[in-house]
Amino acid sequence: MRGSIQSLVPKGQKRMLTLFTTAKPFRGDDLTRQRNALHSWTLLHPDCEVILFGDVPGGREVAAELGIRHVPDVLRSEYGSVRLDDMFARAQEMARHNLLCYANCDIIFLDSFAREVAAAADCSKTFLMIGQRWDTPIEGPINFAEPSWQMHLREEALRAGKMHSQAAVDYFVFSRGLYSQMPPFVIGRVYWDHWLVWRARSMGAPVVDATADVLAIHQNHDHSYHPAGLEGLRIDAESKRNRALAGGQWHLYTIEHATHRLIDGRVEDKPRRWHVPFTFFLGTYASQAWYWILKSTFKLRHALGLHRSTIVSADERARTVLDE
């Protein structure tokens, strides 16, 4: 097929997967969502391995119930957040398989995910596979004993769900060793996911966007676990430190920066795959350029009376006239 990349590893080779994650305390709705996600992972293939990191309340019991591996001791920040570098290092060290997947503990995968991972792995010995998620309102536990649960869940996601933007990355399938070194990011805050995409590209590894084939179902939830909600997660001390550890905006890539895409089970070159989107450049420098313009024209603007107080007053007068 023209545009697809040649496999660098033997076709048909057995490719099994180790999935790993960490979780919030298994209570209330979080218990339901996280149990739904973990249970779906155990059904991907009989040989798939699932590892749950962290000693949160209820974790040991859910792991025992689902027959997954539980690793309670994991490094945490001084605020109590799980350290990403420790979790990734230990997962790559202890995993039974050479293909690994970190996913947030509210993502449900259907059984086709194992085949889609195998297809992406055929593109290179070293690779990263990511994709957009489907935000879906799911209430209550899923009945996995029902033979048609996957069909019903797929229909519900496509009917009531909404594809999230390319800015959020909720799962990372990668070859063992890709992330041998990592800054001490923390989970539950922003920026680390974008750094993971940048890191793969900086190493020359194919980054495969699997959105077209993978239906990654994200169970909708609030962010009440942070005192300031979602906005607090983006601007608190740990998020700011994550951003500093990432090395700034140039090291924050999204799904838009993928070099390849998975479509109908085949990995193809993504058009303009080495192009860094203009929106990334704009987001990086627009605020800096605007600040420079304001600073360099400060004296001129004040000489002309174009400072903030006069602009606000003029705006208020205009609104008063319009209201009259």
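Where a number appears in this text, it was derived from the coordinates with a stated rule and is not lab data. Remember, it's a predicted structure, so these values are computed and weren't measured experimentally. As a convention, Cβ positions derive from the backbone with ideal geometry for all residues, glycine included, and neighbour counts pool all protein chains shown.
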(message) 5 Å is the cut-off here: which amide hydrogens, built 1.01 Å from N in the peptide plane, fall below it relative to Val267, excluding neighbours closer than 5 in sequence?
(response) Ile5
(message) What are the ³J(HN,Hα) couplings of the stretch 128-138, residue after residue, when phi is run through the Karplus curve with 6.51, -1.76, 1.60 and θ = phi - 60°? Round to Hz, x for glycine and proline.
(response) 9, 10, 9, x, 6, 9, 10, 6, 9, x, 10
(message) Which entries of Lys162/Lys270; Lys125/Lys240; Lys125/Lys270; Lys24/Lys125 have Cα-Cα distances beyond 28 Å here?
(response) Lys125/Lys240; Lys24/Lys125
(request) Based on other C-beta atoms within 10 Å, arrange Ile142, Ile107 from fewest to most. (result) Ile142, Ile107
